[in-house]
Amino acid sequence: MFELGKSYTREEIHAVVGGNKHSYLPRKKGKVVAACLRPDLNPDAPNVILCNSCPPERTAGEQLARQGGAIPVFLKQTTSSWAYQGMFRVLSSETHPDACAPHAARSAWTAGQIKQVLKLEKQVQF
């Protein structure tokens, strides 16, 4: 599928997993199929995903929190380069503003923009 540490374009990621090429949590058939994260908006990525208040993205975060299984996670390097970090699954989800605020303070988001914090765990690949 993807090679750890190798960079991919959003088009290449889309060709493998599908979903919206512009969403940071692209979905296909109602499931989140990947996470494509910007380090300035997700400073603890790939271990933490900050979900904003935009309705489609908020819905995707809620879906990821409950769907189970692992998804490929990518970190943005340049405009067209996303480095594969591995397969991750959600460990926990926090929506209380007190849990979201410290993460927002370290990102380009404001405290009011973050509505959910997803904590992830890397899956061992053989």
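A few points about this structure:
- Residue check: residue 19 meets all listed conditions (1) closer than 19 Å to residue 78 by Cβ; (2) surrounded by 17 or more Cβ atoms within 10 Å (Cβ to Cβ); (3) small (Gly, Ala, Ser) but one, namely (1).
Every residue, every condition in (1) open to solvent by less than 50 Å² (accessible area, probe 1.4 Å); (2) in a helix (DSSP H, G or I); (3) in contact with a helix residue (DSSP H, G or I) (Cβ under 9 Å, 6 or more places away or on another chain), yes or no:
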| residue | (1), (2), (3) |
| --- | --- |
| 50 | yes, no, yes |
| 57 | yes, yes, no |
| 66 | no, yes, no |
| 90 | yes, no, yes |
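- Close Cβ contacts (under 9 Å, 6 or more residues apart or on different chains) running from residues in the range 1-24 that are part of a helix (DSSP H, G or I) to residues that are among the hydroxyl-bearing types (Ser, Thr, Tyr) comprise 10/80; 11/80; 13/84; 16/8.
- Count of residues meeting criterion [under 24 Å from residue 71 (Cα atoms), open to solvent by 40 Å² or more (accessible area, probe 1.4 Å) and of a type outside the set (S, T, N, Q)] in the range 92-107: 1
- Residue 40 open to solvent by 60 Å² or more (accessible area, probe 1.4 Å) and within 28 Å of residue 106 (Cα to Cα): yes
- Residues that are basic (Lys, Arg) and either open to solvent by less than 30 Å² (accessible area, probe 1.4 Å) or touching a Lys or Arg at 6+ places or on another chain (Cβ under 8 Å) (or both), drawn from the range 1-16: 10
- Verdict on residue 100 being in contact with a strand residue (DSSP E or B) (Cβ under 7 Å, 6 or more places away or on another chain) and in a strand (DSSP E or B): no
- Enumeration of residues in the range 108-125 that are more than 12 Å from residue 73 (Cβ to Cβ), of a type in the set (A, V, I, L, M, F, W, C) and either assigned to a strand (DSSP E or B) or in contact (Cβ under 8 Å) with a residue 12 or more places away in the chain (or both): 108, 109, 111, 114, 117
The values are calculated or read from the model by the stated rules, or taken from the named source; none is laboratory data. Model, not experiment: these values are computed from the prediction. In this analysis, Cβ positions are derived from the backbone assuming ideal geometry, glycine residues included, and neighbour counts consider all displayed protein chains. In case anyone asks, the SASA skips ligands and DNA or RNA and just uses the protein heavy atoms, side chains included. Shrake-Rupley method; radii C 1.70, N 1.55, O 1.52, S 1.80 Å.
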